[in-house]
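The values are calculated or read from the model by the stated rules, or taken from the named source; none is laboratory data. Note that the structure is predicted; figures quoted are calculated from it, not measured. Positions of Cβ are backbone-derived with ideal geometry, glycine not excepted, and every protein chain shown enters the neighbour counts. Note: accessible area is taken over every heavy atom of the protein model, side chains too, but ligands, DNA and RNA are not part of it. Shrake-Rupley method; radii C 1.70, N 1.55, O 1.52, S 1.80 Å.
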Amino acid sequence: MDRDARIINGIGVSPGIAIGKAHVLERGSVTVPYYVLTEDESIEGECARFDAAIGRAERDLQEIKEKIRPELREHAHVIEFHQMILRDRLIYDETLRLIREERFNAQWALVRALRKAHEVFGALGDEYIRSRVADVDAVGQQVLRNLSGRTDDWLDGIRERVIVVARDLSPADVGQLRLERTLGLVTDMGGRTSHTSIIARSLNIPAVVGAERATELISTGSVIIVDGAAGKLITNPTEREISHYYERQDEIETYVKEINRKAHLPAQTRDGHHVGVEANIELLEEVVAAKDNGAEGVGLYRTEFFFMNRKELPDEETLYHEYRELAELMAPQPVTMRTLDLGADKLTSWYPRLEEANPALGLRSIRLCLHYLEVFKSQLRAILRASALARNIRLMFPLVSGIGELMEAKRVLNEVREELTAARVPFDEGMQVGVMIEVPSAVAIADLLAREVAFFSVGTNDLIQYSLAIDRGNEHVAYLYEPLHPGVLRFIKQAVDAGHKAGIEVSICGEMAAEPVYTPVILGLEFDRLSMNPQAVPRVKNLISRSVMKDCRKFVRRALQISTAGEIGDQLHDMMIKKFPEEFRVFDPSALMARPALPRFRRDH
Ligand code: PEP
Ligand code: MG
């Protein structure tokens, strides 16, 4: 007889179905012994024991970082951040002080230091640091485990293909996952933009996060079903449910194979309208995925990631070789290189940490480049030199908020061009220069910007953040992050129209372009090119080839008259289900289209 079926709802962050045995990672917190060192016990011995535990944690993290797979390398900077925390004054020095001055044993001293760090970090104006309290905890637990002499089986202990269920997974944990043994991922915590989600999506592993009590309700060895599109877990599934989900799994696999087969065809709507579909990449290693998935070029190369994974500032030669290889690998297809977009949550160790109350509104991106001119010029020189070979590089400046900033960036670019000409170093003199439209003021002056550049690329991730005045990483206002907000749609329309009026091309490279549910809206907004994570290319191309441009334009015209994102979303949902029943039988759109819930404010401590 069938056993009771139980459903746990979470957030579907990586579509697909996984059916298999659960492996619950019960890291458990270590028991912390509390005592004061007696006169006979050596204080320096205790300090050395603490130092050894830190050293071991450092080595472990270093090993994870070195072994990290190429596809996860973009996340290595978070591991570096964990390494930095280990020797942070607030934790390292404070623990040693408590051992020496209060004679606390090492574990107790560390717990006290962590508690204090919590308070200090929590009160800091720096949003980035504040939001990293979870990293401090993860690091603290790692050192406590070392101090207690406990080595846990953790991820290395997994010997069969399982669905990994954990309270949370840090980037260091995910770096250790044996992907060939991971059928699916489930975490109690996390949201769409947490690291687990991003990694799961980029590796095509079905995943549900934010499944609040999953680790309590699921036990190791029990069979579970993960529906990564609907954000649903089924524990103790009935036989009927298992066969239903196997059927769905087959259906998805067949569908995905079918759309992958067609991914190399140009993206053209049924009424003959062609749009370019390109890939966003962060590292050279992703070029293969971009090509395999049918991307027709690189629409956004986030150059800052190459800077983030290293302690030293890369020199011009290193950058030149990287850029040249990328351009040659993609040739003759275009590569749009964005100049450094560092700052806010994308940090490196080579420039001083700025004490900014609002880093997202601070010295970041193009502003930072115009501040560190030598760094900017060295990158521009490397890009220009690389452009000489296949002449397929386009350049764009991020976060431009006004004409003055654009003219200054162009002036520096010209200076570099002149220096190269004087030194007889070849470069592509016709290299196109564009700007990203990410700030409301750039939308307002899009007509003026369009006179100065060869193309626009709309970065909806930031444009939504800045036009709706919500921090894109703040879960308390995540419910307001609405790509279909009429204000956002009007801004986008205004930018596209201004670009077209001036006769320049307009692309979109924010996450919105990668979500197939928005494809009709993006088509109707008349973008010339779309750029997205490589894995999204086949599904989006498939939807484009089945859309009718006339209908998309009509939908957008109507949507621009509607007053709320909710209503626009409902209408879009209805239209999509009617027009693309196959797509939505396979990938349940309801999870994506669901109205964001109002936040529940929690007091954790
Ligand atoms: C954007 O803001 O939409 C964008 C593509 O840039 P990033 O996500 O790197 O800020
Ligand atoms: Mg951006």
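Tell me which residues come under 5 Å, amide H to amide H, from Thr336 once H is placed; ignore anything under 5 positions away on its chain.
Distant-sequence amide H within range of Thr336: Val298, Gly299, Leu300, Tyr301, Arg394.
Sort the range 443-540 into rounded, prolate or oblate with this rule: let a ≥ b ≥ c be the square roots of the eigenvalues of the Cα gyration tensor; rounded if a/c is under 1.5, and if a/c is not under 1.5, prolate when a/b is larger than b/c, oblate otherwise. Don't skip to the answer; put the middle values down first.
Values: a/c = 1.99, a/b = 1.26, b/c = 1.59.
Since a/c reaches 1.5 but b/c is at least a/b, the shape of the range 443-540 is classed as oblate.
What whole-number value in cubic angstrom gives the convex hull volume per residue for the C-alpha atoms of the chain?
158
Which three lengths, in whole Å and largest first, does the range 499-541 cover when its Cα atoms are put on their principal axes?
Cα spread of the range 499-541 along its principal axes, largest to smallest: 33, 17, 15 Å.
Could you calculate the contour length gain from Val433 to Asn461, that is, 0.36 nm times the residue separation minus the distance between their Cα atoms, to one decimal place in nm?
8.0 nm
Considering the dipole of the chain built from charges on the beta carbon (Lys and Arg +1, Asp and Glu -1) around the Cα centre, which of Met396, Pro15, Phe584 is farthest to its positive end?
Going by the charge dipole, the pick is Phe584.
Count the DSSP beta bridges whose two residues both fall in the chain, then state the antiparallel fraction as a percent rounded to the nearest 5.
Details: 20 of 58 bridges.
Just about 35 percent of them are antiparallel.
What ranking of His244, His485 comes out by heavy-atom accessible area, probe 1.4 Å, highest first? Don't jump to the answer; show the numbers that get you there.
Details: His244 90, His485 60 Å².
Ranked from most to least accessible, the order is His244, His485.
For the range 232-299, which GluC sites (Glu not before Pro) pass both filters: DSSP loop (anything but H, G, I, E, B) and at most 12 other C-beta atoms within 10 Å?
Passing both the DSSP loop test and the Cβ count: no residue.
Volume per residue, Å³, of the convex hull around the alpha-carbon atoms of the range 311-374?
Working: hull volume 6.9 nm³, N = 64.
Residue-normalised Cα hull volume stands at 107 Å³.
Under a crude label model (7 Å from the Cα following the beta-carbon direction), how far is Arg87 from Ser243 in nanometres?
6.2
How big is the dipole moment of the chain about its Cα centre under a simple scheme where the beta carbon of each Lys and Arg is +1, that of each Asp and Glu is -1, and everything else is neutral? Debye, nearest 20, please.
I would put it at about 1360 debye.
Provide the packing ranking of 325-337, 36-48, 532-544, i.e. peptides ordered by the mean count of other C-beta atoms within 10 Å per residue, highest first.
532-544, 325-337, 36-48
Quick check: residue separation of Leu284 and Trp350 times 0.36 nm, minus the Cα distance between them. What number comes out in nm?
Gain on stretching Leu284 to Trp350: 21.6 nm.
List the relative contact order of the chain as a percent without decimals, with contacts defined as Cα pairs under 8 Å and 6+ residues apart.
The value is 15 percent.
Might you work out the accessible area of Arg6 for me, using a 1.4 Å probe with all protein chains in place, and round it to the nearest 10 Å²?
My reading of the accessible area for Arg6 is about 120 Å².
Take every Cα-Cα pair in the range 368-439 and report what % of them are more than 20 Å apart. Each step should come with its number before you reach the end.
Values: 698 of 2556 pairs.
Value for the range 368-439: 27 percent of Cα pairs lie more than 20 Å apart.
Which whole-Hz couplings ³J(HN,Hα) result when phi for each residue of the range 206-213 is put into the Karplus expression 6.51 cos²θ - 1.76 cosθ + 1.60, θ = phi - 60°, listed in order with x for Gly and Pro?
Values per residue, Gly and Pro as x: x, 8, 10, 10, x, 8, 1, 10 Hz.
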